[in-house]
Amino acid sequence: MTQSRNAGLGLIGPATVLILAGFLAPTVIMAMLSLRDYSGMQGIGTDWTLSNYINVLGDWFYLEIILRTLALGLIVTLLCLILGFPLALYILRVGPLMQTTAILLVIFPLLCNIVVRSFGWMVLLSPRGVINEALLGAGLISTPLDLMFNLTGVIIGLVQIYLPFMVLLLVPALQNIPADVEAAALTLRSSRIRVFFTITVPLASPGIITGSILVFVLSISALVTPRMLGGPTYRVMATQIYDEFMTNLNWPSGAALAFVLTFIALALIWAANRVAAHLTRGIPA
Amino acid sequence: KDLVVGMFGGSFGRAAQTCHVKPFETASGDAVVAQEGNSSQFAAMVRATGGDSDFDVVYIDNSFAAQLAAEGLLQGLDKSKLSHSGELVEGAFGADDHFVQYQWGATALAYNPADFPTPPDSWSAVFDAASTGKVALPDIAGTAGVHFLLAAARLNGGDIDNLDPGFAAIAKIAPQVKAYYTQADQIISMFERGEISIAPWYPDRAAAAADAGVPVAVAYPKEGAIGIKVTMVIPKGSENTDGAYAYVDNALSAEVQKCFAENMYAGPVNTNVTLEGAAAKAVPPEMFGKLYFPDPTKIAANVADWRQRWQREITK
Amino acid sequence: MTSLSLRSLTKRYDTATIVNAVSFDVEQGQLVSLLGPSGCGKTTILRMIAGLLEPTGGQILFGEEDVTKLPANRRNVGLVFQSYALFPHMTVFENVAFGLRRQGVKGVDLKTRVGEALEQVRLGALADRFPRQLSGGQQQRVALARSVAPRPAILLFDEPLSNLDAQLREEMQIEIKRLQSELKLTSLFVTHDQHEAMSLSDRICLMSGGNIQQFATPEEVYFNPANGFVSGFVGSPNQLSGVATEGGVELAPGLRLASNRAQARPGGRVRVTLRQEDLALAPAGQAPGLAGRIALRIFEGASVQYIVALSGGPEVMARVSSRGPQADLPVGTEVVLSIPADRVFVAPEEGAA
Amino acid sequence: MTSLSLRSLTKRYDTATIVNAVSFDVEQGQLVSLLGPSGCGKTTILRMIAGLLEPTGGQILFGEEDVTKLPANRRNVGLVFQSYALFPHMTVFENVAFGLRRQGVKGVDLKTRVGEALEQVRLGALADRFPRQLSGGQQQRVALARSVAPRPAILLFDEPLSNLDAQLREEMQIEIKRLQSELKLTSLFVTHDQHEAMSLSDRICLMSGGNIQQFATPEEVYFNPANGFVSGFVGSPNQLSGVATEGGVELAPGLRLASNRAQARPGGRVRVTLRQEDLALAPAGQAPGLAGRIALRIFEGASVQYIVALSGGPEVMARVSSRGPQADLPVGTEVVLSIPADRVFVAPEEGAA
Amino acid sequence: MIARKPSWLLTIVALAILFYMNAPTIVVVLASFSDTTYLTVPPQGWTLRWFEFVLGDSRYMRAIWTSLWLAGGATLLSLVLGTAASYALHHRLVPFRDVILSAVMAPLVFPAVVIGVALLQYVSLLGLRGQPLVLLFAHVLITLPYVVRSAMSSLTGINPQIEEAAHVLGASGFTAFRLVTLPLLKPGLVAGAIFSFVTSLDNVPVTIFLLTPRQSTLPVKIFASVEHGVDPSIAAASTLLVAGTAIALILAQKWVSFSRFF
Ligand SMILES: Nc1ncnc2c1ncn2[C@@H]1O[C@H](COP(=O)(O)OP(=O)(O)OP(=O)(O)O)[C@@H](O)[C@H]1O
Ligand SMILES: Nc1ncnc2c1ncn2[C@@H]1O[C@H](COP(=O)(O)OP(=O)(O)OP(=O)(O)O)[C@@H](O)[C@H]1O
Ligand SMILES: [Mg+2]
Ligand SMILES: [Mg+2]
């Protein structure tokens, strides 16, 4: 109906205008910039070139970084799901007082500045840090574990940062599932585990997909944590882009990398949405 | 009038308030608006605003200053407006007088006195100590990393035009290196917990950490520490140029230089400054002559390649 | 092949007692209907039997086995939910296949059995639809097929046919009855349709406010209601008040009915229940009885309902066959009403629910 | 105070036509029932009238006004949803108050009117509960109160009483009828209960597969079904096949019935519809008719159903009053069945739905 | 969900996860009481001087207030814009749904530094540099995706007939939304609001390029001092922020009432 069309435009208009004027327009400037050449001392050139993209996509060094970034994103997302589900279930099942406490404890970590928080992790994870000292003291290990300046450190840090996002999206998603539907599966002789995977998870999939996309996107574009807990040996797209942009001042190359990353991420989001739409095609939109 | 100054934050910002801002404000009556950031951010901002910067004065490392000057984003400095220009060390002005150095720093050696009964006196100490697993190196993302690469090249018979020996030497010890640091915090906490015994680092930061109780001391290698010029520039678009000159000039005066050296262990560039105590040990004025200052244009032109190579050969 | 026994089954929410020490047995292969007013606790009982709700007290036995603490998925019961509770993300086929898969039914076998179950509910053609693409009645039939397909030992139905039209409803009733007796399924059937309850059940459990009022065969419940509540609930009764007399009841001064079912001492105020279908109606003068005149005539298809204003007394409804001789009396006609003495149920006022 | 008219109202999903050019009028203050098998499009029609579903074609008029394009909230209709659709976050009181508040009813007035509406559905005591704390029937009654409370000009009911027991159901029917006629509400009432449809409606609209089969008064629909579908749907019919003869039909060799309603030429295969309640049953020899023996006796409360195997023919179901003389015939009794010629509906085989 | 008490196993697992999530915060809080001038744990000697320092430093306090106002304003604006947009997108009231959805999500994906520089360039071109609202809108841009995403996933869980019922009862689109959809949407919106608040509160890369010279935010101050080693005053400022927001949340809890709709 034309009426609903008008209402729709009115609703989406302000946000769209903001994004068009505030994001897409500057991005177009950047897109043009990514097609310029650059050399140290001369700065940004005036010639058009595709070399910035060719350099990235034709070089195993970059491709490896891209793959590593995506792998990191997937691992972090998966871990957030694995840890997020029990926590969300706990929050839904526990009494009101503990529920509020738990929710606050989920929100707290978000409030601590990311740089400062990374410092906290360094104190905990370093070879002579709290965790290693405790394990050594307890005699559980004989040499300190390598928890930092490697993949483990980045994952521990990123999962902690993005877990709240997952949990806060899983809770309402699980909450919305009609109890009778799960009960019906139980009476059809499904164990609780099976009910969880065949009924609960599919019905919570809008929230799961949203949470996963969010965590994935955030962890592939995270900068500070990989920097501080991963160290330079563990390079990801975000650190590479930052260095290219801010340290080398090579904006064209940095912009090209940024577009490659964005394109990949949007493609993945699109695919995930497709999958979600397929999985939830029975659920009224 | 307002004077917008882009300066570094944290303890640096506090020292700059004491030594640079306060005296200037009392003397001129202008109000300083300090915006905190780091060199690369200032460089990006000056470039992004394309010759119409908000800043009147910017503190910035000379490599960025040289880059910005080359892109025509900085005002050429009129020495006649800087009363202290004659008192400065040689080479304080650079890039056709587009920047003026107000502080020198260096990449030298920081070590744990407990592990080194006699202070190390050569870059080779880093390579020798690698086998203990208690060495941290600066990553090439920062200035110290570039400098250490140069130092390693020079130690092994190369120079700024031939870094192969440097890459080879570092690649050899790379597997034993405890960590590549990018942030001051990382190295402070590693020294504090005794995880490392030696690392190339900045004397001023190391001295400040030592004051705070971290077990760390500074040594200048005999081959020469790699010098850093920290500069002030006046970007194009400055609205209070007179104020800017007055501010820079004030920062170059002997008392202010001394104040800053004592507060921040900033190497003084005014030849009239004499230091005592901790400051004299951390940034001895006589050391200035022994520093190796690499050519910023060569760095600017090649550093991207070096970084790529470092990432592929050292920190892969 | 198990019998079902409830022993003092009780459910309380806070202070409200929803199910109050209910005990009864459903013998193996029997079908028992739970009948009672809305909110009397029928669904609550079914959910406790299925293991979805923890009883506050009492026991549930399947055969000899106490299952009170057994989790729902280990009970082998089928439950048709009042709200259908279909899996919205699965097609009709997958909904029905769900329980079968749990029993390891696969491949061709699975297809056949799902197909059969869907045919039984006349939905073979809609196997690929999602629940939201079905009408209310279609959804209800899917729910039915889903719980019957795995052939559980005990079947619980919560108003499984309430959204179906008469014809389909009758077909489904026959289907359920056939399945249930062929497979000797022990079944508990909640319905609000007395007709359905009467014609399907071996026993009827009549409840009110969480308490059993009568547990007996349909005939027994209909012809020998245990108390005022039952007589007032079964059939389409007129509920009148009156005063007990020797061997009868007086509805209003002069309006007397003989009753051999009076449970009250003469002179007390009583509640009188007269089933509409028990009242015989004839034009005035043709027979003895209570005099009145037709205030309203309602055509109901097979039957016609008259609302008769008794002279000097209350209004009473009577139902006659629309084929019968009295089907076409116009409003205003003077009539007499008569009723056999054994169909006049009289209970003390306070005893009526 | 508006009449309702549908003009060629049509709804298609992809290729499936769910509602096919339906046209009828509901006059001001009338109550029309929509009757038809599950999935025939009843809910779809109501949703289009309420403005919740856009018709593929056709028009909807309220009085003279074409409302086809009017948004739902400007139509002033009440709709009782088949799935209740209560507001889960509001108490029963707030649910009922919702529509009244939209009309600006406030304060004491609001309290009174919500209270009244809740009393009408016997739920005054549960005003502070949330929907999830109610039984199925209680929820349905809240839905009813919610849509009636604002006194809309047009009321649409989607099986509003399907979860209620007989007694409450009858009370609610009377309540609805009273409200509807007092307030002269134009109403469209979907039900699967013929009894309900017949007794409540001014007109019945009988549908099948998206098409109107008959639109007429209850009596007309019952006594003069327009076609084979209608005769087969209304009442509790036996559907038999046979061969048309001159003035009647032959069910099996020798089993003949007279019919003055044959719509087929002699010799053609036909579908014969005999209502269970039209069949008179008597012990063999006491009357003329088709001979058979009782195969099954089902007690239904007010009635008894017999399944009779005709000698050399099909099985036929007959329903008699449980008070009548033939109520207690045991299985195996030889009986004769008779039926008036005007109740034998005969339609060509292909014409039957 | 079927209502049920958590098992002891679930309780232990959940508490362990909660502990893991809060471990670094605990470290930071402890470090803020340390007597040393660098961050260390366990603290060597206890002191409150870093708190005194932060509370006494007007520039610190201004930065904290700026951060809070910015985060609050951006959250409010993105709640309004985002809820409206997600409603339209969910109900397919607009064409090019997938394209718009991608565009809304893009600022989340696009590296923040690049957005920051691009915005500064763009704002300079338009001559809007230094306008205080620019920063606010920039923050809305990066917080909007969170609200849209979480609102959309909550909308999926709401039975569409419930809103229809409200329409039929005479509620206009907006009234029905306000009275029926919004309350049911609350959990999603609360989550979205929390995300957008903390995202804004933590942002450096975009903020630093758009600050006017007189403004600063806490994360920018922290970031600017990292080069020189973080001293406990930063831990103290973070602790203050955590404590302050915690108290605010606990107070707001009555009003927002997490437990009621979760
Ligand atoms: N979204 C849809 N897509 C395809 N078919 C649909 C959709 N929604 C409903 N239908 C079909 O439309 C037909 C009519 O549905 P409707 O709900 O109007 O039936 P109904 O007459 O109300 O039935 P009931 O008495 O069972 O409630 C059904 O066969 C149903 O399967
Ligand atoms: N969570 C609850 N808290 C308090 N009371 C409840 C709760 N759930 C149900 N009830 C009450 O328990 C009573 C019994 O509910 P139940 O669903 O068993 O009724 P029912 O006999 O199935 O009714 P219907 O025929 O209407 O479906 C009702 O009065 C209902 O209001
Ligand atoms: Mg129930
Ligand atoms: Mg329907």
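Considering the options B:19, D:188, B:285, tell which one lies farthest towards the positive end of the dipole of the protein assembly as shown, charges being +1 on Lys and Arg and -1 on Asp and Glu at the Cβ, about the Cα centre. Checked the options; the winner is D:188. When every Cα-Cα distance of chain C is counted in 20 angstrom steps from zero, the calculated P(r) takes the values 27, 47, 24, 2 percent. Only alpha carbons enter this Debye calculation for the range A:205-252, each as an equal point scatterer, and the log10 of I(q)/I(0) it gives at q = 0.14, 0.16, 0.33 Å⁻¹ is -0.44, -0.53, -1.10.
When E:195, C:130 are arranged by Cβ crowding within 10 Å, least crowded first, meaning fewest neighbours, the order is C:130, E:195. Counting only DSSP beta bridges with both residues in chain B, the antiparallel share comes to about 65 percent. Report summary: the helix-based calculation at 222 nm, which adds -39500 (n - 2.57) for every DSSP H run with n ≥ 4 and divides by the residues of chain C, gives -7000 deg cm²/dmol. What the Cβ-Cβ distance of residue D:65 and residue E:126 gives, at R0 = 35 Å and to the nearest 0.05, is a FRET efficiency of 0.10. Under 21 Å of direct C-alpha separation, and excluding same-chain neighbours fewer than eight residues apart, residue C:42 reaches these lysines: C:11, C:69, C:177.
Ranked by the mean number of other Cβ atoms within 10 Å per residue, highest first, peptides C:197-203, C:51-57 order as C:197-203, C:51-57. The alpha-carbon of residue B:236 sits under 19 angstrom from the alpha-carbons of these lysines, leaving out residues fewer than 8 places away in its chain: B:1, B:79, B:81. Once you reduce the range C:277-353 and the range A:192-206 to the center of their Cα atoms, the two points are 58 Å from each other. Placing unit charges on the Cβ atoms only, positive for Lys and Arg and negative for Asp and Glu, gives the range C:237-348 a dipole magnitude near 220 debye about its Cα centre.
Computed over the Cα atoms of the range C:153-274, the ratio of the radius of gyration to the Kirkwood radius (Rg/Rh) comes to 1.10. Of the residues D:35, D:222, D:160, the one whose Cα sits farthest toward the positive end of the charge dipole of chain D, with +1 on the Cβ of Lys and Arg and -1 on the Cβ of Asp and Glu, is D:160. Shown here for the range D:178-247: GluC sites (Glu not before Pro) in loop regions (DSSP other than H, G, I, E, B) with at most 11 other Cβ atoms within 10 Å, namely D:246. Across chain B, the relative contact order, built from alpha-carbon pairs under 8 Å that are at least six residues apart, equals 27 percent. Annotation: Cα Rg of chain E relative to the compact-globule expectation 2.2 N^0.38 Å equals 1.18. Residues A:263, D:345, E:137, ranked from the fewest to the most other C-beta atoms within 10 Å, line up as A:263, E:137, D:345. Hydrophobic, long helices, defined as DSSP H runs whose alpha-carbon span along the helix axis is 15 Å or greater and whose mean Kyte-Doolittle value is at least 1.6, occur in chain E at E:8-31, E:112-126.
The charge dipole of chain C, taken about its Cα centre with unit charges on the Cβ atoms of Lys, Arg (+1), Asp and Glu (-1) only, comes to about 800 debye.
Listed by chain and number, the aspartates and glutamates whose C-alpha is less than 13 Å from the C-alpha of residue C:106, apart from same-chain residues fewer than 8 away, are C:94. Less than 5 angstrom separates the built amide H of residue D:154 from those of D:78, all sequence-distant by 5 or more or on a different chain.
Among B:312, E:129, C:47, a tally of other beta-carbon atoms within 10 Å of each Cβ gives an order, fewest to most, of B:312, E:129, C:47.
At 30 angstrom or more along the helix axis (alpha-carbon based) and mean Kyte-Doolittle of -0.5 or higher, what helices does chain A contain? Whole DSSP H runs only. Span-like helices here: A:60-93, A:151-175, A:251-279.
Rounded to the nearest 500, the helix-only mean residue ellipticity at 222 nm of chain A stands at -22000 deg cm²/dmol, with each DSSP H run of n ≥ 4 adding -39,500 (n - 2.57). Relative contact order of the range D:237-348: 34 percent, from C-alpha pairs under 8 Å at least 6 residues apart in sequence. Quick check: the distance between the Cα centres of the range A:129-147 and the range B:148-202, to the nearest angstrom? With the range A:129-147 and the range B:148-202 each reduced to a Cα centre, they are spaced 27 Å. For the range A:151-285, the Kirkwood hydrodynamic radius comes to 17.3 Å, computed from all pairs of different C-alpha atoms. For the range C:281-353, the direction-averaged projected area of the alpha-carbon convex hull comes to 6.0 nm².
Just so you know, the Rg over Rh for the protein assembly as shown is 1.12, from Cα atoms, with Rh as the Kirkwood radius.
Each label point was placed 7 Å from the Cα along the Cα-to-Cβ direction; for residue D:241 and residue D:284 their separation is 2.9 nm. Near the amide H of residue B:74, within less than 5 Å, lie the amide hydrogens of B:236, all on another chain or at least 5 residues away, with H placed in the peptide plane. Dipole of chain A computed with +1 at Lys/Arg Cβ and -1 at Asp/Glu Cβ about the Cα centre; of A:56, A:78, A:202, farthest Cα towards the positive end is A:202.
Counting only DSSP beta bridges with both residues in the protein assembly as shown, the antiparallel share comes to about 75 percent. Considering the rotation that superimposes chain D on chain C, the residue of D whose beta-carbon lies nearest the axis, and that distance in Å, is D:162, 2. Think of it as helices only: each DSSP H run of n ≥ 4 in chain B is worth -39500 (n - 2.57), and spread over all residues that comes to -11500 deg cm²/dmol at 222 nm.
Antiparallel DSSP bridges in the range D:2-223: what percent, to the nearest 5? Antiparallel: roughly 55 percent of the beta bridges in the range D:2-223.
Taking every C-alpha pair closer than 8 Å and separated by at least 6 residues, the mean separation divided by the residue count of chain A gives a relative contact order of 26 percent. Treating each Cα of chain B as an identical point scatterer and summing with the Debye formula, the log10 of I(q)/I(0) at q = 0.11, 0.12, 0.15 Å⁻¹ comes to -0.67, -0.80, -1.21. Averaged over the residues of peptide D:288-297, the number of Cβ atoms from other protein chains lying within 10 Å of each residue's Cβ is 0. Karplus-derived 3J(HN,Hα) values for the range D:222-237, using 6.51 cos²θ - 1.76 cosθ + 1.60 with θ = phi - 60°, are 6, 8, 10, x, 5, 7, x, 5, 5, 5, x, 9, 8, x, 10, x Hz; glycine and proline are entered as x. Is the C-alpha gyration tensor of chain A telling us rounded, prolate or oblate? Criteria: a/c under 1.5 is rounded; beyond that, a/b larger than b/c is prolate, otherwise oblate. Here chain A falls in the oblate category. The distance separating the Cα centre of the range E:160-195 from that of the range D:123-183 comes to 24 Å.
No lab work stands behind these numbers, since they all come straight from the coordinates. Values in this document were obtained by computation on a predicted structure and should not be read as measured data. A quick note on method: Cβ atoms are made from the backbone with ideal geometry, for glycine too, and the neighbour counts reach across all protein chains shown.
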